[in-house]
Amino acid sequence: MEDAVEARPETVDLQAEYQASGLAEVLEELDRELIGLAPVKARIRETAALLLVEKARRMMGLAQEAPTLHMSFTGNPGTGKTTVALKMAGILKRLGYVRKGHLVSVTRDDLVGQYIGHTAPKTREVLKRAMGGVLFIDEAYYLYRPDNERDYGQEAIEILLQVMENNRDDLVVILAGYADRMDTFFNANPGFRSRIAHHIEFPDYTDDELLRIVEHILGGQNYTLSAGARTAMADYIRLRRAQPHFANARSIRNALDRARLRQANRLFETATGALDARALSLIDESDIRASRVFQGGLAHERAPSAGDPA
Amino acid sequence: MRITQGCFSFLPDLTDDQISAQIDYCLGRGWAIGVEWTDEPHPRNTFWEMWGNPMFDLRDAKGVMMELDACRTANPDSYIRLIAFDDTRGIESVTMSFIVHRPKVEARLRMTRTEVDGRAIRYAHEVVR
């Protein structure tokens, strides 16, 4: 009753709204912490602008329907889909489109049951947890198995579609996965395509961006690269990309973990006296050059031309 | 006869918004919430039927409201209560409980007095419809 008689504002200052929502903070954080991903950031800015305007329109009584916010993130592994989803939850929370702003990250195993009648309660359980936040379904195309028509994934899909339609105010669903397989998935389930308003593509990182990511990760862990190690890392990135199972930033993060391991080992074996902070945090060229990537990858995956008889 | 058990039972029935607000309060303190129902609101009947397991890792009241709506649809003519469990003492102890749904016609409690052993009196209560 009181809402109806409450006077609506005549004008809306978008800048003031932008500042008040704390959106600037999240977007700056996005710029600072995520390297590269220019098209993704642009799309997020657009989406954020749209939501801000939509919010202003709602305040003036121009819009009635809540906008569809379900999204799909497509891109190769390690391109930052989960990280961006987490930020997205923060953005939506600040704009007031979700109430709590938490991220529930699930895969097929969390949604689909083992036997008849197991799937629906399992999916509902997950949906209940995600209420008021963002449900992130990684590798969503596994939900749909075209080779088995009695697969329980279909049941999960039906419940999801129903909730995506009826509880639009309560949660936002983000589907993620590789681009080509997501396309097949959407073609087989047209209901999903029409319920998802925002399709965001995550490009692969360039070599330069990956090197900057290396420095960003190491900076956060108080490690530094020597000049030689930096060149070695650039070589490493170039070689690793050509080898199988390359997962962008994730591969790089794993490589750094192994480099730290080798650094610790080197220090342990060679150090004779006291070590200073600099020595403890310096990653040397040898720590990176020792990687199997420089010998052409894992033994069984090496190209025959690498001269390995086995 | 209005059954009074748990919190808020002397107040008018809570609306769904008010129930949501109470659930948010509980979730904000880290309590788990269970939905329970019964058709026998005798004060000594402390164990009501559980509507599913208590919900442990929810963040938003909507999840509980969905279960409550499902329970209401399945048991329209019964009492439904929400129970909040606090685990700070190492056990899930009931820390809040309130009725969120009542049958259209509520049951009555009838008291009977029996004289025993001379002039001593035994009291008994039973639910009658």
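Enumerate the pairs (first residue in segment B:14-25 and free of Cβ contacts under 8 Å to residues at least 60 places away in the same chain; second residue anywhere and in a helix (DSSP H, G or I) and among the hydrophobic types (A, V, I, L, M, F, W, C)) with beta-carbon separation below 7 Å, excluding pairs fewer than 6 apart on the same chain, so at least 6 apart or on different chains.
Correct list of pairs: B:Asp16/B:Met65; B:Ser20/B:Ala61; B:Ser20/B:Met65; B:Ile23/B:Ala61; B:Ile23/B:Val64; B:Asp24/B:Ala61.
So which residues in segment B:31-59 are within 14 Å of chain A (Cβ to nearest Cβ) and either among the acidic types (Asp, Glu) or touching a residue at least 40 places away in the same chain (Cβ under 8 Å) (or both)?
Listed by number, the residues that qualify are B:Ala32, B:Ile33, B:Gly34, B:Val35, B:Asp57.
Which condition breaks for A:Thr79 when tested against (1) under 25 Å from A:Ile159 (Cβ atoms); (2) hydroxyl-bearing (Ser, Thr, Tyr); (3) away from chain B (no Cβ under 14 Å); (4) under 13 Å from the mean Cα position of the chain (by Cα)?
(1)
How many residues does segment B:60-85 contain that are closer than 17 Å to B:Ile23 by Cα, of a type in the set (A, V, I, L, M, F, W, C) and more than 14 Å from every other protein chain (Cβ to nearest Cβ)?
Qualifying residue count for the region: 5.
Between residues in segment A:118-137 that are away from every other protein chain (no Cβ under 12 Å) and surrounded by 23 or more Cβ atoms within 10 Å (Cβ to Cβ) and residues that are assigned to a helix (DSSP H, G or I) and acidic (Asp, Glu), which pairs lie under 9 Å by C-beta distance while being six or more apart or on different chains?
A:Thr123/A:Asp110; A:Thr123/A:Glu155; A:Ile137/A:Asp110
So which residues in segment B:67-124 are in a strand (DSSP E or B) and touching a Pro at 6+ places or on another chain (Cβ under 7 Å), if there are any at all? I'd like the intermediate steps shown before the answer.
Filtering segment B:67-124 down to residues in a strand (DSSP E or B) leaves B:79-86, B:93-101, B:108-116, B:120-124.
Residues satisfying the conditions are B:Tyr79, B:Phe85.
What pairs come out if I take residues in segment A:152-180 that are within 14 Å of chain B (Cβ to nearest Cβ) and more than 23 Å from A:Gly75 (Cβ to Cβ) and pair them with residues that are of a type outside the set (S, T, N, Q) and crowded, with 17+ Cβ neighbours inside 10 Å whose C-beta lies under 7 Å away, six or more apart or interchain?
Within 7 Å, the pairs are A:Ile159/A:Arg124; A:Val163/A:Leu127; A:Asp170/A:Met131; A:Asp170/A:Gly132; A:Asp170/B:Lys62.
Tally up the residues in segment A:25-43 that are among the aliphatic types (A, V, I, L, M), assigned to a helix (DSSP H, G or I) and either in contact with a helix residue (DSSP H, G or I) (Cβ under 6 Å, 6 or more places away or on another chain) or at pLDDT 85 or above (or both), please.
So the answer is 5.
Could you count how many residues in segment A:61-88 are free of Cβ contacts under 8 Å to residues at least 60 places away in the same chain and either among the polar types (S, T, N, Q) or within 23 Å of A:Glu29 (Cβ to Cβ) (or both)?
The total comes to 3.
Within segment B:76-90, take every residue that is over 17 Å from B:Cys26 (Cβ atoms) and out of contact with any Asp or Glu (no Cβ under 8 Å at 6 or more places or on another chain) and give me the one that is surrounded by the most Cβ atoms within 10 Å (Cβ to Cβ).
Quick first cut of segment B:76-90, residues over 17 Å from B:Cys26 (Cβ atoms) only: B:76-79, B:90.
Next, only the ones that are out of contact with any Asp or Glu (no Cβ under 8 Å at 6 or more places or on another chain) stay: B:76, B:90.
Numbers: B:Pro76: 11, B:Gly90: 6.
Across segment B:76-90, the extreme among qualifying residues is B:Pro76.
Within the bounds of segment A:247-266, is there any residue that is touching a residue at least 24 places away in the same chain (Cβ under 8 Å), outside any helix (DSSP H, G or I) and out of contact with any Phe, Trp or Tyr (no Cβ under 6 Å at 6 or more places or on another chain)? Working first, answer last.
Kept after step one, since they are touching a residue at least 24 places away in the same chain (Cβ under 8 Å), are these residues of segment A:247-266: A:247-253, A:255-256, A:258-260, A:262-263.
Applying the additional criterion that residues be outside any helix (DSSP H, G or I) yields A:247.
Remaining after also requiring out of contact with any Phe, Trp or Tyr (no Cβ under 6 Å at 6 or more places or on another chain): A:247.
Yes, segment A:247-266 contains a residue that is touching a residue at least 24 places away in the same chain (Cβ under 8 Å), outside any helix (DSSP H, G or I) and out of contact with any Phe, Trp or Tyr (no Cβ under 6 Å at 6 or more places or on another chain).
Has segment B:86-96 got at least one residue that is under 16 Å from the mean Cα position of the chain (by Cα) and either of a type in the set (A, V, I, L, M) or more than 25 Å from B:Ile19 (Cβ to Cβ) (or both)?
Scanning segment B:86-96, I find at least one residue that is under 16 Å from the mean Cα position of the chain (by Cα) and either of a type in the set (A, V, I, L, M) or more than 25 Å from B:Ile19 (Cβ to Cβ) (or both), so the answer is yes.
Which pairs do you get when a residue that is under 17 Å from B:Ala74 (Cα atoms), found in segment B:94-107, comes within reach of a residue that is surrounded by 18 or more Cβ atoms within 10 Å (Cβ to Cβ) and among the small types (Gly, Ala, Ser), reach meaning Cβ atoms under 9 angstrom, with the pair 6+ apart or on two chains?
B:His101/B:Ser78; B:Arg102/B:Ser78; B:Pro103/B:Ser78
Which residues, taken from segment A:84-129, are under 19 Å from A:Asn167 (Cα atoms), over 17 Å from the mean Cα position of the chain (by Cα) and small (Gly, Ala, Ser)?
Passing the criteria: A:Gly96, A:Ala120.
Filter segment B:1-35 for residues that are of a type in the set (Phe, Trp, Tyr) and within 21 Å of B:Asn53 (Cα to Cα) and give the result.
Matches in segment B:1-35: B:Tyr25, B:Trp31.
Can you pull out every residue in segment A:97-116 that is farther than 24 Å from A:Ala179 by Cβ and either within 14 Å of another protein chain (Cβ to nearest Cβ) or aliphatic (A, V, I, L, M) (or both)?
Residues satisfying the conditions are A:Tyr97, A:Val98, A:Arg99, A:Lys100, A:Gly101, A:His102, A:Ile116.
Which residue pairs have Cβ atoms under 7 Å apart, sit 6 or more places apart or on different chains, and have a first residue in segment A:203-219 that is farther than 19 Å from A:Asp257 by Cβ and a second that is crowded, with 19+ Cβ neighbours inside 10 Å and among the acidic types (Asp, Glu)?
From segment A:203-219, no pairs qualify.
Please determine whether any residue of segment B:15-24 is of a type in the set (Asp, Glu), farther than 14 Å from B:Leu82 by Cβ and outside any strand (DSSP E or B).
Filtering segment B:15-24 for residues of a type in the set (Asp, Glu) gives B:16-17, B:24.
Now drop any that are not farther than 14 Å from B:Leu82 by Cβ, which leaves B:17.
Within this subset, residues satisfying the condition of being outside any strand (DSSP E or B) are B:17.
Checked against the condition, which is being of a type in the set (Asp, Glu), farther than 14 Å from B:Leu82 by Cβ and outside any strand (DSSP E or B), segment B:15-24 yields at least one hit.
The values are calculated or read from the model by the stated rules, or taken from the named source; none is laboratory data. Note that this is a predicted model, so its numbers are computed, not measured. FYI the Cβ positions are ideal-geometry reconstructions off the backbone, even for glycines, and counts take in every protein chain you see.
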